[in-house]
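J.: Okay, here's the structure, questions in a sec.
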Amino acid sequence: MHMINNTHSDYLRQAPVVSGQSEGIRVIRVDPVYSDSILANLEAAKSKFEAARSGFEIVDFNFGGFGKSAIKKFGMSPDSVSQLIFQMGYWRTHGECVGTYESGGMAHYRSGRTETIRPCSAETKNCSVAFDHDHPASSSDIVDLLKKTSAKHVSLCKEASQGLGFDRHFFAMRALNRTHGEEELGLFTDPSWSKMANIGLSTSTVGSPALQLYLAYGAVIPQGYGLGYLMSKESFGAAVSCYLPNDHFADFVDNLGKSAEDLLAVFQGKKFKPSRTV
């Protein structure tokens with residue numbers, strides 16, 4: 001990403017060099033010559049890529065109903081809303097919560113890279129359940145749940161950025177233990193670890209003026225989803241991916257849209273649940 005940003009910045013500062021139009025600069029086209037072994041390796045790489053691509057699907061999800069501006073006016077974190085859309089979409093598709101990965105930056109530390117943010121929480125589950133159209137939660141109840149979900153997400157992001165996450169720590173513990181030939185720690189044989197490590201939603205956002213849309217990410221388990229997303233001032237979008245076959249993919253993408261529509265109704269103070277008769 002640093003390379004993309006630097007290239008974009010350099011391009012904006014300096015006009016591109018065009019052959020025949022730039023005084024004092026000689027532009028020469030270079031036609032590379034490849035050996036037979038290089039050509040053979042290129043063909044092998046192309047075949048390998050096509051084989052991988054044929055078992056992979058990716059679609060654009062775009063929602064123009066709201067962006068950062070409207071969400072901030074409502075008093076919520078834009079990223080918390082992005083992640084809530086994913087959680088609601090998964091809940092409506094599969095009827096359960098799932099382990100979720102979000103990349104959190106630690107660039108303010110020397111040699112800092114990333115820590116895992118865990119956006120799936122009790123608060124996101126409560127919201128997902130309350131948004132079900134047959135759930136008795138009122139509009140005011142939902143607004144309260146949304147505020148709590150946002151506050152929890154902001155707290156999780158802050159903890160990760162300060163190095164207070166646990167995923168990287170556990171990874172190092174496990175790697176060092178294996179390096180020393182020790183028996184697997186009990187923590188990593190516990191059923192709860194297997195459930196937590198089952199990352200059904202792998203997500204990351206990359207905001208950059210060099211990107212008009214967003215980057216795409218692959219799922220990390222066979223039946224999971226990858227979500228590279230970006231929220232602008234006025235809209236929200238994501239590149240949603242999965243490995244094939246996945247019988248729920250179309251429903252998941254559809255439920256992302258329905259979840260965003262329901263959130264928009266709440267932001268606008270409208271009712272989105274069917275009227276009930278006593």
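J.: Would you please name the residue that is farthest from residue 216 (Cα to Cα), looking only at residues in region 1-42 that are surrounded by 10 or more Cβ atoms within 10 Å (Cβ to Cβ) and at pLDDT 90 or above?
T.: 34
J.: So, of the residues in region 104-141 that are in a helix (DSSP H, G or I) and open to solvent by less than 30 Å² (accessible area, probe 1.4 Å), which turns out to be nearest to residue 163 (Cα to Cα)?
T.: 124
J.: Considering each of 215, 230 in turn, give the residue that is hydrophobic (A, V, I, L, M, F, W, C), in contact with a strand residue (DSSP E or B) (Cβ under 8 Å, 6 or more places away or on another chain), modelled with pLDDT under 95 and more than 15 Å from residue 84 (Cα to Cα).
T.: 215
J.: I would also like to ask the following. Regarding region 95-103, can at least one residue be identified that is open to solvent by less than 50 Å² (accessible area, probe 1.4 Å), touching a strand residue (DSSP E or B) at 6+ places or on another chain (Cβ under 9 Å) and modelled with pLDDT under 95?
T.: yes
J.: Quick check on this structure: which one of 160, 239 is in a helix (DSSP H, G or I), crowded, with 18+ Cβ neighbours inside 10 Å, small (Gly, Ala, Ser) and modelled with pLDDT under 95?
T.: 160
J.: Could you list, in sequence order, all residues of region 119-147 that are among the acidic types (Asp, Glu) and more than 18 Å from residue 82 (Cβ to Cβ)? Give the derivation first.
T.: The first filter runs over region 119-147 and keeps only residues among the acidic types (Asp, Glu), leaving 123, 132, 134, 141, 144.
Result: 132, 134, 141, 144.
J.: While we're looking at this one, here's another question. Any residue at all in region 207-224 that is assigned to a strand (DSSP E or B) and within 18 Å of residue 119 (Cβ to Cβ)?
T.: For region 207-224, residues assigned to a strand (DSSP E or B) and within 18 Å of residue 119 (Cβ to Cβ): absent.
J.: Go through region 81-103 and count every residue that is among the small types (Gly, Ala, Ser) and either assigned to a helix (DSSP H, G or I) or touching an Asp or Glu at 6+ places or on another chain (Cβ under 7 Å) (or both).
T.: Of the residues in that region, 2 qualify.
J.: Between 207, 200, which is open to solvent by less than 70 Å² (accessible area, probe 1.4 Å), under 30 Å from residue 241 (Cα atoms) and modelled with pLDDT under 95?
T.: The unique qualifying residue is 207.
The values are calculated or read from the model by the stated rules, or taken from the named source; none is laboratory data. Worth saying up front: this structure is predicted, and the values here are computed from it rather than measured. When we count neighbours, we look across all protein chains shown, and the Cβ atoms used for this are built from the backbone with ideal geometry, even at glycine. Surface areas here come from the heavy atoms of the whole protein model, side chains and all, with no ligands, DNA or RNA. Shrake-Rupley method; radii C 1.70, N 1.55, O 1.52, S 1.80 Å.
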